[in-house]
Amino acid sequence: MAAPAANFGLGLYNADSYYSKECLWYEPVQFSAETKEWITKNSPPGVVIKDIAKVARNNDLYSEVCKK
């Protein structure tokens with residue numbers, strides 16, 4: 001554990017391979033049609049809107065880092 005942490009701290013890791021490995025198990029969050037319909041027909045509270053914004057940002061990061 002110390003060696004990977006040291007390599008990371010010293011910048012000796014390969015960021016491209018690091019993110020590539022992360023992209024192997026990760027995929028963007030997709031809302032179902034029913035959820036999208038509910039969101040557009042209702043007025044979700046602010047906390048829900050903040051959570052949706054986090055999901056959107058997460059998906060944007062996926063698109064930037066895990067280009068196919």
### Task
Go through the range 40-57 and count every residue that is more than 21 Å from the chain's Cα centre (by Cα) and closer than 19 Å to Pro28 by Cβ.
0
## Note on the structure
Expected output for the range 56-68 (first residue at negative phi, partner surrounded by fewer than 11 Cβ atoms within 10 Å (Cβ to Cβ) and outside any helix (DSSP H, G or I), Cβ below 9 Å, 6+ apart or cross-chain) is Asn59/Gln30; Tyr62/Glu27; Cys66/Glu27
### Task
Select, from Tyr62, Tyr18, the only residue that is at pLDDT 80 or above, touching a Phe, Trp or Tyr at 6+ places or on another chain (Cβ under 9 Å) and of a type in the set (Ser, Thr, Tyr).
Tyr62
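The values are calculated or read from the model by the stated rules, or taken from the named source; none is laboratory data. Since the structure is predicted, the reported quantities are computational estimates derived from the model, not experimental observations. For neighbour counting, all protein chains shown are included, and Cβ atoms are generated from backbone atoms with ideal geometry for every residue, glycine included.
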